[in-house]
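Note sheet for the following structure.
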Amino acid sequence: MPARGASPDDELIDIFSKGWKEAQTGVRTHVAEWNTGWNCEKLRTTWKSKSPRKRLIVLRKVSKGFPILSDGSLAQKVWCFFIGVSNFNHEQLERLLNKPNLRFKPITNQIECHPYLTQKDLIRFCQSRDVSMTAYRPLGGSSEGVDLLDDPVIQRVAQKYNKSPAQILLRFQIQRNVIVIPKSVTPKRILENIQVFDFELSEQDMNDILGLDRNFRMCRLPIAEHHKDYPFNIDY
Ligand SMILES: NC(=O)c1ccc[n+]([C@@H]2O[C@H](COP(=O)([O-])OP(=O)(O)OC[C@H]3O[C@@H](n4cnc5c(N)ncnc54)[C@H](OP(=O)(O)O)[C@@H]3O)[C@@H](O)[C@H]2O)c1
């Protein structure tokens, strides 16, 4: 065991420097459920070649697999209190929630969500099951050529409230009780993106923005589209 006064990280390192077997179980379970990117063999090699501290980083990278451990064994050992899933459709989430002896219920499902993909049904489903929603790509991202920020409706609403289009897109999610995670490397924009709590969109404006829905998905995860559990083959 680590010395008295050791940081939680040191304790984690201590556990996982011995713990490939458990980590492997977590990764494998994850792979068995739904997985698109992890290569167990590669991960095992990486694990063996790393120092304990680097192993901790590896483990954090595979942490997506933790919630799938229905008996909670690995999650308990890493002092995991909150777990989340991403890109789960409602059937996958239902399957997870219905697992016998599930000890760590996911608190959030992180999905692509913005006015062109409003995800009404999935949001309703998740919120009815007490799983919060987290909206990724809320501003339309940077590389797929979607000009969400230039959409005339968003522009009109932005002018009305004297806010930027990005602030309207973020406020839109907040008012739907959706957690929203914009990304920016620009300090001015980061500041702008948190200044979204001093105004409220009217019901009409919310409906106008919801009316932009066109079921347009940017992150289609093409690497996984032939996987049996590809999440985007059903409506929601
Ligand atoms: N779970 C998943 O499968 C998944 C998939 C995709 C993304 N995500 C996560 O979701 C988060 C955000 O998604 P994202 O980066 O794809 O898309 P996003 O936040 O919708 O868009 C990011 C783009 O918007 C720009 N931007 C940020 N704030 C702005 C503002 N106030 N005004 C104008 N432009 C602004 C950024 O530029 P600058 O950076 O140049 O300022 C960047 O080009 C990230 O943390 C990402 O890791 C998760």
Quick one: Arg171 ticks every box in (1) part of a loop (DSSP other than H, G, I, E, B); (2) in contact with a helix residue (DSSP H, G or I) (Cβ under 9 Å, 6 or more places away or on another chain); (3) more than 9 Å from the ligand (Cβ to nearest atom) except a single one, so which number is it? (1)
Regarding region 196-214, can at least one residue be identified that is part of a loop (DSSP other than H, G, I, E, B) and under 18 Å from Asn87 (Cβ atoms)? no
Out of Asp229, Asp235, report the one residue that is surrounded by 12 or more Cβ atoms within 10 Å (Cβ to Cβ) and either touching a Gly at 6+ places or on another chain (Cβ under 9 Å) or in contact (Cβ under 8 Å) with a residue 60 or more places away in the chain (or both). Asp229
Do we have any residue at all in region 119-133 that's within 21 Å of Gln195 (Cα to Cα) and of a type in the set (Phe, Trp, Tyr)? no
Exactly one of Leu221, Leu117, Leu201, Leu148 is of a type in the set (A, V, I, L, M), farther than 29 Å from Gln92 by Cβ and in contact with a Phe, Trp or Tyr (Cβ under 8 Å, 6 or more places away or on another chain), and that one is Leu201
Selection within region 102-150 - among the aliphatic types (A, V, I, L, M), closer than 13 Å to Val180 by Cβ and more than 9 Å from the ligand (Cβ to nearest atom): Ile123, Met133
Of all residues in region 174-195, how many are basic (Lys, Arg) and in a helix (DSSP H, G or I)? 2
Test: residue in region 156-165 that is more than 23 Å from Ile83 (Cβ to Cβ), at pLDDT below 95 and more than 16 Å from the chain's Cα centre (by Cα): no
Please go through (1) hydroxyl-bearing (Ser, Thr, Tyr); (2) in contact (Cβ under 8 Å) with a residue 24 or more places away in the chain; (3) closer than 28 Å to Asn98 by Cβ; (4) more than 8 Å from the ligand (Cβ to nearest atom) for Tyr161 and return the number of the only condition it doesn't satisfy. (3)
Looking at Pro100, Pro106, Pro115, which is the one that is farther than 14 Å from Arg217 by Cβ, assigned by TED's automatic domain parsing to the domain that holds Ile174 and surrounded by 18 or more Cβ atoms within 10 Å (Cβ to Cβ)? Pro106
Is it true that Asn87 is over 16 Å from Asn215 (Cα atoms) and either of a type outside the set (Gly, Ala, Ser) or modelled with pLDDT of 90 or more (or both)? no
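The values are calculated or read from the model by the stated rules, or taken from the named source; none is laboratory data. All figures in this text were calculated on a predicted structure; none of them were measured in a lab. Counting neighbours? That spans all protein chains shown, and the Cβs are built from the backbone with ideal geometry, glycine included.
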